[in-house]
Amino acid sequence: MNEIDKKNLYKKIIEIRISQLLINEIIKSGDLNIPIHLGLGHESIAAAIDYVLDEGDSLFLTHRNMHYNIARAESLKKEIDEYYLKSSGMASARLGSMNLSNRGNGIPYSSSILGNNFAVATGFALGNKILSDKHTTMVITGDGAIEE
């Protein structure tokens, strides 16, 4: 791996934070009809994972996935539209917040069920191994899922 592009990494961290703060203002306005989980304070992790994932690699997430989706998204508007459950949303209003995935950008699965993403990611990685696919499968979790 080449030397880390610190400037772009810092920029990504700030973009993720600002995006979440904007979404938080929408949440506070009461306009959304679904639960939203911010990832404030976790922007560096999302930016670092985005930085190391190569095309074809996969990231499996929990219900608190906003910051990872922002890091991998091409458009914040599409993510916000998904939170509004608009057909122009990232998943055409089918996934909302806690199950938001973005297959085209390496996030094939997010789960609102604590610990569920471990089994799915393991099966996905095993499938890749069987198919001799050398891509990386990453799974993100939190302390609640560890209890499970």
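The values are calculated or read from the model by the stated rules, or taken from the named source; none is laboratory data. Just so you know, these numbers come straight off a predicted model, no measurement behind them. Glycine also receives a Cβ, built like all others from the backbone with ideal geometry; neighbour counts cover every protein chain displayed. The protein model used for the area step is the full one, side chains on, heavy atoms only, and it has no ligands, DNA or RNA in it. Shrake-Rupley method; radii C 1.70, N 1.55, O 1.52, S 1.80 Å.
Results, tabulated for the structure shown:
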{"item": "In segment 43-148, the trypsin sites (Lys or Arg not before Pro) that fall in loop regions by DSSP, at most 10 other Cβ within 10 Å", "result": "Lys134"}
{"item": "Fluctuation leader among Gly39, Gly96, Gly104 - the chain, Gaussian network, Cα springs under 10 angstrom", "result": "Gly104"}
{"item": "Residue-normalised accessible area of segment 70-148, given per residue in Å² at a 1.4 Å probe", "result": "58"}
{"item": "Segment 1-59: GluC sites (Glu not before Pro) in DSSP coil with no more than 13 other Cβ atoms inside 10 Å", "result": "Glu3, Glu55"}
{"item": "Cα-only Debye scattering, segment 17-81: base-10 log of I(q)/I(0) at q = 0.13, 0.18 Å⁻¹", "result": "-0.36, -0.67"}
{"item": "Computed helical MRE - 222 nm, the chain, DSSP H runs ≥ 4 contributing -39500 (n - 2.57), nearest 500", "result": "-14500 deg cm²/dmol"}
{"item": "10 Å-binned pair-distance histogram of the chain (Cα, whole percent)", "result": "11, 40, 36, 12, 1"}
{"item": "Out-of-range pairs (alpha-carbon distance over 27 Å; input Lys6/Lys129; Lys11/Lys78; Lys86/Lys134; Lys77/Lys134; Lys86/Lys129)", "result": "Lys6/Lys129; Lys86/Lys134; Lys77/Lys134; Lys86/Lys129"}
{"item": "Long-range HN-HN contacts of Val139 with modeled amide H, under 5 Å", "result": "Phe60"}
{"item": "Under the Karplus curve 6.51 cos²θ - 1.76 cosθ + 1.60, θ = phi - 60°, whole-Hz ³J(HN,Hα) for segment 27-39, x wherever Gly or Pro sits", "result": "4, 5, 6, x, 6, 8, 9, 10, x, 10, 10, 6, x"}
{"item": "Modelled label reach - Asp143, point 7 Å along Cα→Cβ, segment 65-80 residues with backbone N closer than 14 Å", "result": "none"}
{"item": "Alpha-carbon gyration tensor eigenvalues x 5, square-rooted, for segment 100-148, Å", "result": "21, 13, 8"}
{"item": "Most mobile listed residue (Tyr83, Tyr51, Tyr68) in the chain, GNM with C-alpha springs under 10 Å", "result": "Tyr51"}
{"item": "Sequence-separation-based contact order of the chain, relative, with Cα cut under 8 Å and 6+ spacing, percent", "result": "23"}
{"item": "Cβ-Cβ FRET estimate between Val52 and Tyr84, R0 fixed at 30 Å, reported to 0.05", "result": "0.45"}
{"item": "Within the accessible area of the chain (1.4 Å probe), percent carbon and sulfur", "result": "54"}
